[in-house]
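Data first, discussion second: the structure below is written as structure tokens.
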Amino acid sequence: EGVEGIASVPDSRFPIPDTQVLQTEELSAPLISAFDGQHTGRVQRFLNNNSAEMIVLAYLPTLDMAADSYHVWLLKDGLADVKDMGSLAPRADGSWVLNFTAGPSTGIVDPRVYETVVIMREPNDDNPAPSGNRIAEAVF
């Protein structure tokens, strides 16, 4: 029994619509350098019923951004199934960041099916395929 006749557990006579039940999941994975195996940042994944967001924060060397960029990819089954998340942006403190929201327009609706997040150094040559030049990766 609850307070003043209000049940403290869900009552099947008064079901809660699925749209009002908020299920959340938050995971974090370290970014590991492809060069020396050291921790070089973090990837955070936030999921709930209505959205999926990822934040990639990396401490990487500066780049000539006219020539190259640090690009973030989601991988499943090696390079056989790769999804483009976009480029990291430099921050004033020297770190690099990408905020990504999954959805139909990105081609990534549920990022949980991709276990690996990889940062690659990509030439700015308008080639949409990953170069394979791995800088760091995180595995969930």
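Under a model in which nothing but the beta-carbon of Lys, Arg (+1) and Asp, Glu (-1) is charged, segment 30-140 shows a dipole of about 340 debye around its Cα centre. A simple count of charges around L57, restricted to other residues whose Cβ falls under 10 Å of its Cβ and scoring Lys, Arg +1 and Asp, Glu -1, yields +2.
Accessible surface for segment 41-100, divided over its residues, is 49 Å² per residue with a 1.4 Å probe. Once the chain from D77 to L63 is taken as fully extended at 0.36 nm per residue, the excess over their C-alpha distance is 2.1 nm. Every Cα-Cα pair in segment 35-140 was counted, and those over 21 Å apart are 32% of them. Simple point charges give the picture: +1 on the Cβ of Lys and Arg, -1 on the Cβ of Asp and Glu, and for segment 97-140 a dipole about the Cα centre of about 120 debye. Split the accessible area of segment 57-140 by element, probe 1.4 Å, and carbon with sulfur accounts for 51%.
Taking amide H atoms as placed 1.01 Å from N in the peptide plane, the amide H of I108 lies under 5 Å from those of G103, each 5 or more residues away in sequence or on another chain. For N124 and F46, a Förster radius of 30 Å and the Cβ-Cβ distance give a FRET efficiency of 0.50, rounded to the nearest 0.05. Charge tally for F35 (other residues, Cβ to Cβ under 13 Å; Lys, Arg +1; Asp, Glu -1): 0. Take each peptide in 89-97, 39-47, count the other Cβ atoms within 10 Å of every residue, and average; sorted highest first, the result is 39-47, 89-97.
The values are calculated or read from the model by the stated rules, or taken from the named source; none is laboratory data. It should be emphasised that the depicted structure is a prediction, and the values quoted were computed from it without experimental measurement. Glycine also receives a Cβ, built like all others from the backbone with ideal geometry; neighbour counts cover every protein chain displayed. In case anyone asks, the SASA skips ligands and DNA or RNA and just uses the protein heavy atoms, side chains included. Shrake-Rupley method; radii C 1.70, N 1.55, O 1.52, S 1.80 Å.
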